[in-house]
Amino acid sequence: YLKISKLALAFAIIHSKPPGKSSKEYTEYLARTVSEQDFGWKWKVEVLEAEVLRLRQELLLNRISPRFCLENRKQDTSAETLLGQESINPTSYSSQLEDSGCDVCNDSAFDSLGIASEFHQSEHNVNTSKHWLERVPPLNLCHTSKEQSLTAPLHFLQRLLEIRKLSEGGILQADFSELENDSFTICNSVSQLLDGLTFFYNSPKFPAPSFLTEGVCVLLSLITDSKLSNHVLKKCFKKIEEFKKNLIQIILRNRSVNRFQALHSVSQTLGLLGRNNILRNSLISLLLSGVRQFAEQLLQAHQVLSSF
């Protein structure tokens, strides 16, 4: 049946091809047209899936703490404010883009990116509730982008942690048993956060966006929180392990000339993850495994060269 269908399609293309075009050219034209339509549908599906996830996130937060969501809606800040702040900076970064990577031990070069100070500041800000709400406004997912694919789950998880801290302090009433009924939303959000972090570490920008360090600190806060860690680790542990493996491979496989500042930020992220008691042992195992494989590759290369 499949062969007959292919033969019928071939006859139909040959019969309907316009004058002046060969069958091959017309077939390629039809293939491009179908491919473009598929891409359009895929994009629409991604937008709709992002919107569904956003609505599920809002619904889950509303079930956990209706009062918090009511107060949070009063903030009328647009998504462009956050993304615009990342691109506007009076400091000149042209010298960093020209870095040859020779001075890898110079901390000032790393600090000039604003990354090192942000790591320490972000660790402090994990415990500062108002900073999160002011820093990460609600996002409009009608137009998706790589930044929004990371900041949208980051915003949701920050709000979840904010509710947790306010309820712990007795300021807000919250029912976290709702997480048992909807583990998909929090796990999907963590998964999107990890995918977004991996993408930006693979394609670094200068200056490094601050939401990278915020994302890592939020991830660590989720893992260490007594009420939330079980939901994250139970469903997302393999994804977190994959994230750590990707960071190590970024360091080992990056061969670009001007790579050292970007790799320094990745190593700082690995350092942050290594401070966590739950992630430390597996991270050390992955690091040792990566170093061993790299050493074996060097040995093989040495043996090949020594034969000449």
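The values are calculated or read from the model by the stated rules, or taken from the named source; none is laboratory data. Being a predicted model, the structure only gives us computed values, none of them experimental. Quick reminder, even Gly has a Cβ in these numbers, built from the backbone with ideal geometry, and neighbours come from all protein chains shown. Note: accessible area is taken over every heavy atom of the protein model, side chains too, but ligands, DNA and RNA are not part of it. Shrake-Rupley method; radii C 1.70, N 1.55, O 1.52, S 1.80 Å.
What the table below lists for this structure:
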| read-out | value |
| --- | --- |
| Surface accessible to a 1.4 Å probe, LEU55 within the full protein complex, Å² | 90 Å² |
| Only Lys, Arg (+1) and Asp, Glu (-1) charged, at Cβ; the range 240-301 dipole about Cα centre in debye | 100 debye |
| Restraint check, LYS146/LYS245; LYS44/LYS245; LYS42/LYS235; LYS44/LYS234, Cα-Cα greater than 28 Å | LYS44/LYS245; LYS44/LYS234 |
| Under 5 Å, built H, 5+ apart or other chain: amide partners of ASP182 | none |
| Carbon plus sulfur fraction of accessible area for the range 206-304, probe 1.4 Å, in percent | 54 percent |
| Phi-based couplings in Hz for the range 234-241 (Karplus 6.51, -1.76, 1.60; Gly and Pro marked x) | 4, 9, 10, 4, 5, 5, 5, 4 |
| Positive-end residue, the range 153-308 charge dipole about Cα centroid, Cβ charges, pick of CYS236, SER203, LEU273 | SER203 |
| Hits among lysines - C-alpha to C-alpha of LYS6 under 21 Å, sequence gap 8 or more where chains match | LYS17, LYS21, LYS24 |
